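Here is the structure we will look at.
The values are calculated or read from the model by the stated rules, or taken from the named source; none is laboratory data. Keep in mind the model is a prediction, meaning the values are calculated, not measured. Every residue, glycine as well, gets a Cβ built from its backbone with ideal geometry; the counts of neighbours run over all protein chains shown. Accessible surface areas use protein heavy atoms only, side chains included; no ligands, DNA or RNA. Shrake-Rupley method; radii C 1.70, N 1.55, O 1.52, S 1.80 Å.
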Amino acid sequence: MQNSSTTLPYDIKSPQSIFEYSKGLLGNTLRDFVWENYEPKKGKGSLGQMVENIFFLLETNNYAGADFSEAGMELKCTPLKKSKEDDFLIKERLVCNMINYCEVVKDDFEHSHFYLKCQLMLLLFYLHQSNCDNLDLKFIFSVLWKLPKKDLLIIKHDYEVIIEKIKQGKAHELSEGDTMYLGACRKGQRDDSLMKQPYNPEIDAPRRAFSLKMAYMRTVLQYVIKSGKNAVSNVTGAKSELVSTNALLKHSFDDVLLSRFRPFLNMQFEKIAKRKDVDISNNPKNKFAMVANAIAASAKCANINRSEEFLKAGLTMKTIRVQANGIIKEAMSFENIDYIEVAECEEWIESRLYELYSSRFMFVIFKEQTVGKEDYLLDDVFFWTMPQKDLEWAEVYWNHIKDNILANHISEEYWWKGSDKMKFHVRPKAQKAVDLAPTPDGKGAKKFCYWFNNDYVREIVDNRRKELGNA
């Protein structure tokens, strides 16, 4: 093992040289390079150290800065998994560095450990395999990745949101749904390895780390796959952006979006449609979503949920119709259950449902003025994150789904129903299902999807009114 820049097979001061050298690892495993008597590292996170030792010929050190400090570049090894269609998928969020609640509040973003360490990263994607020795994991893609200026502006705001919550003595209430791209993800099991927080010594907080969310990493992977190359040194984002870099220099992403809705608050739905040139003459089922999208997108993209920022953040816009009597008739649907994914997922916090439910939502509320008249007005728009107590209940929901899938109990009689009043339920989106979804037993089953109960949606809206003092 070497640590001298004069004897290494790459220039340790040059990110491009290190990137070019990394290509030699692609399609291979560390076993192809390991020398006799090398003592493999143990534990989670050890793969990165082994890549440093075996492939890059560097000694492991406890230096807090970037791994390639002379090049100002961090090394990150991140796992992929294969879909049922044999496509590569992101397996987990990219953990960047642990959050020390007592120390992190002392630094602004530009002097933070995250900023100094992760502006430039060499991402090595490998294929995860259960019960596989780290030496035998195959590396698939190499990406030399500098965080774009626009993304850094959003990440800076995310960082400040997290720090402000810690300063309010609410480190124990942090949620990945608080922010857009940069999350404060849980590390360890619930109630395990709690840490002191500086502004609330009475309540210890779960261990958390700064991480780039799965949705964000998914956009990086998609770009690499579309490039047709296994090594990419210039990752760019999607082109259908909602908010410009210049706008983000002056305002937060949330403020920009909400400002687009303010001129239309308390305006009749039909009038808004006309003002925004949305054709609802055929009374389409998604007419409320069409109008909300026209306001939010501000002619910048066709579908706000497919915009660059929403995709990177895992953010979803949902419309809610409230009747004049306060009743919400419609439950809220999400995507179909991937039976294979649920069955194979070992931890709740690594599940697709956790990602869905812990993400942020932008709710657009239309309220009827006269019972039965359907004279809806734009009533409210707000960003929402599922409270921790509800996320814990969602874990019970997910475990119930998983247990039934593993027992091959995939039918209406086994799922939670809306009438059970347990916040969430399972049912199909359509009345008839012609095709089947893959199941662990290989037989296939009817397609079902995740739902919020309509009474839970009403609870969300009622809580919002209480916050505004309109209860």
- line: re region 280-421: pairs of Cα atoms spaced beyond 20 Å account for a percent value of 59 percent
statement: In terms of the charge dipole of region 70-140, which places +1 on Lys and Arg and -1 on Asp and Glu at the beta carbon, the residue among 101, 111, 135 farthest towards the positive end is 135
- prompt: What FRET efficiency do you get for residue 32 and residue 406 if R0 is 45 Å and r is their Cβ-Cβ distance, rounded to the nearest 0.05?
  reply: 0.75
- prompt: Debye sum, Cα scatterers, the chain, no solvent: what log₁₀ I/I(0) at q = 0.06, 0.11, 0.12, 0.13 1/Å?
  reply: -0.31, -1.03, -1.21, -1.38
- prompt: Which value in deg cm²/dmol, rounded to the nearest 500, describes the helix-derived mean residue ellipticity at 222 nm for the chain, given -39,500 (n - 2.57) per DSSP H run of n ≥ 4 and division by the residue count?
  reply: -8500 deg cm²/dmol
- prompt: What is the gain in length, in nm to one decimal, between residue 343 and residue 132 on full extension, counting 0.36 nm per residue of separation less the C-alpha to C-alpha distance?
  reply: 74.0 nm
task: May I ask you to derive the FRET efficiency for residue 89 and residue 251 from their Cβ-Cβ distance with R0 = 45 Å, giving the value to the nearest 0.05?
output: 0.85
query: Under a 1.4 angstrom probe, counting protein chains only, how are 328, 225 ranked by accessible area, largest first?
result: 225, 328
message: Could you work out how much longer the chain between residue 69 and residue 463 gets when fully extended? Use 0.36 nm per residue separation minus the Cα distance between them, nm to one decimal.
response: 137.0 nm
field: Where region 144-198 is the region considered: accessible area per residue in Å², 1.4 Å probe
entry: 41 Å²
message: Given contacts defined as C-alpha pairs under 8 Å and at least six residues apart, what's the relative contact order of the chain, whole-number percent?
response: 11 percent
task: Please give the per residue accessible area of region 344-455, computed with a probe of 1.4 Å over protein heavy atoms only, in Å².
output: 48 Å²
Surrounding net charge for residue 61, when Lys and Arg each add one and Asp and Glu each subtract one, Cβ distance under 10 Å: -3
message: For residue 419, what accessible surface area do you get with a 1.4 Å probe? Give it in Å², rounded to 10.
response: 90 Å²
message: Using a 1.4 Å probe on the protein heavy atoms only, what accessible surface does residue 251 show? Give it in Å² to the nearest 10.
response: 100 Å²
message: Please compute the alpha carbon radius of gyration of region 220-335, then divide it by the globular-protein estimate 2.2 N^0.38 Å. Two decimals is fine.
response: 1.29
message: How large is the accessible surface of residue 170 in square angstrom, using a 1.4 angstrom probe and rounding to the nearest 10?
response: 80 Å²
message: Out of the total accessible area of the chain (probe 1.4 Å, heavy atoms of protein only), what percent is carbon and sulfur?
response: 46 percent
field: Pair residue 266, residue 285: separation of 7 Å Cα→Cβ label points (nm)
entry: 3.5 nm
message: So with the 1.4 Å probe, I'd like the accessible area per residue for region 12-85, rounded to whole Å².
response: 51 Å²
